[in-house]
1. For the chain, set up a Gaussian network in which alpha carbons nearer than 10 Å are linked by springs, and say which option among Leu284, Leu265, Leu170 fluctuates the most.
2. Under the rule of -39500 (n - 2.57) per DSSP H run of 4 or more residues, summed and divided by the residues of the chain, what mean residue ellipticity at 222 nm is obtained, to the nearest 500 deg cm²/dmol?
3. Per residue Cα convex hull volume for the chain, in cubic angstrom?
4. Quick check on the exposure proxy: order Phe124, Phe281 from fewest to most C-beta atoms within 10 angstrom.
5. Contact order normalised by length for region 2-48, with contacts defined as Cα pairs under 8 Å and 6 or more residues apart; what percent is it?
6. Going by C-beta contacts inside 10 Å, put Thr267, Thr81 in order with the fewest on the left.
7. Which percent, nearest 5, of DSSP beta bridges in the chain are antiparallel?
8. Apply the a/c threshold of 1.5 to the C-alpha gyration tensor of region 39-125 and tell me whether it is rounded, prolate or oblate.
Amino acid sequence: MKQAQFFRVFDKEKRIVDCTLCPRKCRIPDGALGRCHIRKNISGILYSTTYGRFTSVAFDPIEKKPLYHYYPSKEILSVGTAGCNFECPWCQNFEISQASVDEVPTREISPLELKSLAKRYNSFGIAYTYNEPLVNYEFVFDCAKEFYEAGLKNVLVTNFCINEEPFAKLLPYIDAANVDIKFFRNEPYKKICGGDLGAVMRNVEIFFKKGKHIELTFCVIPKENDDENDFKEFVDWIWSLSDRIPLHISRYFPAYKFHRQPTPLKTLYRLRDIAIKKLKFVYLGNVFEESNTYCPNCKALLIKRKGYFVEITGLDGASCKYCGEILPIIF
């Protein structure tokens, strides 16, 4: 365990603390956990129980995150632990995201050991993924700083629901992120997932304006977040930042507490048709078809993808080799 960086004492005599890491602002009695399952009040001091303890350590294609415009076709060291500050009833990784660290098998590993592992297997960096990495803030901060100082990249796969102060402190060390947007209305964000749309939007905007690489994922849940008007507002917001931010429209499959049929393909195609009217790079996820990148200028095939098979066919560095268009792709 490691003492949390962001909390305050609410009642010193009763040893009650307030966690200030994320917008949920959990008030935690002595001996209890926050809603994320992993931040624990011990005698009036808040601790991270997942520091250095991981459920998953693997090498994944960067496309699995999904990041399509960041080191395409490369593998990245990927780590995850337990816990999440959201409670999405369709979570695909609920076995770890909705568990405390003592409820799942873990192994111990330090930032230095992860850095050595990345270098040994020629990974260009590390992805904090599988569960919500920001609830494991203290470890992510220490590890990201270690990787940054070694010239390696730090990637978040995240809901981005974190308060402004801890976000600003971590931001200099993070290079790229895929952010999973759950809804584009705040009421269901709070009621169903426990999140805060305003905080997520703020963090996306800050991250993008700092020149970091960002891609967005929108998992389409039938009858929950597939309203066309809401989706149009979502696309308009992305466009207001840049029409070149990649958007991944992902198909839902039944999991955890949610057992509706998978998202109809016609729904995905309908939403994609809306998105491509304003955005240059729109991809479908969790579907059995190619998910290629085309030049927005001459329409040439640049990167061919099917599953995790990736073939770079039409790029000269980050430019289209046919027309010279510069693409928002980082190698």
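Where a number appears in this text, it was derived from the coordinates with a stated rule and is not lab data. Keep in mind that this is a model prediction, so the values were computed, not measured. Please note: Cβ atoms are built from the backbone with ideal geometry, for glycine as well, and neighbour counts cover all protein chains shown.
1. Ranking Leu284, Leu265, Leu170 by mean-square fluctuation puts Leu265 first.
2. Result for the chain, helices only: -6500 deg cm²/dmol.
3. Values: hull volume 42.5 nm³, N = 331.
Measuring per residue, one finds 128 Å³ for the Cα hull of the chain.
4. In order of increasing Cβ crowding within 10 Å: Phe124, Phe281.
5. RCO, region 2-48: 35 percent.
6. Values: Thr267 16, Thr81 30.
Taking fewest neighbouring Cβ atoms as first place, the list is Thr267, Thr81.
7. In the chain, DSSP labels about 55 percent of beta bridges as antiparallel.
8. Oblate shape, in that a/c is at least 1.5 and b/c is the bigger or equal ratio.
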